[in-house]
Amino acid sequence: MPEAPAVLTAKTSLSYVELDRAIAWTAGILKKAGVERGDIVAIRLRNRTQHLMTSLALARLGAAQIAFFADGSLPSEAGLVRRLGSAASVADK
């Protein structure tokens with residue numbers, strides 16, 4: 001049932017079709033930014049729906065992710081990103 005809800009939050013409702021389109025759009029943006037299969041991408045997003053779509057878009061591209069808490073910063077975070085060779089970062093403004 002493509003029109004059935006795939007994501008339900010207090011603020012968002014996305015059907016499977018809408019979620020697939022959002023993932024495809026996000027994957028396209030990431031690909032244009034140079035993200036490729038095997039890349040590692042750091043994610044720090046407050047919006048859980050955006051985080052989910054970004055995670056699924058990275059999976060669609062074959063890229064790995066490092067997810068960080070949006071509300072805090074670990075002192076070792078920058079070092080971890082460098083050591084793992086993060087190709088890109090997705091974060092809130």
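Among the trypsin sites (Lys or Arg not before Pro) within segment 1-72, which fall in a DSSP loop and have no more than 10 other Cβ atoms within 10 Å of their own Cβ? Before the final figure, lay out the partial values.
Numbers: sites: LYS11, ARG21, LYS31, LYS32, ARG37, ARG44, ARG46, ARG48, ARG60; in loops: LYS11, ARG37, ARG46.
Hits after loop and neighbour filter: LYS11, ARG37.
Residues of the chain: accessible area per residue at 1.4 Å, in Å²? All intermediate terms of the calculation are to be shown ahead of the outcome.
Details: 6380 Å² over 93 residues.
Per residue, the chain has 69 Å² of solvent-accessible surface.
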TODO: Using all C-alpha to C-alpha distances in the chain, build P(r) with 5 Å bins and read off the rounded percent in each one.
DONE: 3, 13, 23, 22, 18, 11, 6, 2, 1, 0
Task: Dipole magnitude of the chain, debye to nearest 20 (Cβ charges: Lys/Arg +1, Asp/Glu -1, about Cα centre) - done: 220 debye
Open item on the list: Can you tell me the orientation of helix 48-61 relative to the chain, as the angle in degrees between its alpha-carbon axis and the longest Cα principal axis, to the nearest 10?
Closed with: 80 degrees
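The values are calculated or read from the model by the stated rules, or taken from the named source; none is laboratory data. Because the structure is predicted, anything quoted here is derived from the model rather than measured. Here the Cβ is made from the backbone with ideal geometry for all residues, glycine too, and neighbour counts use every protein chain on show. All accessible areas refer to the heavy atoms of the entire protein, side chains included, with ligands and DNA or RNA removed. Shrake-Rupley method; radii C 1.70, N 1.55, O 1.52, S 1.80 Å.
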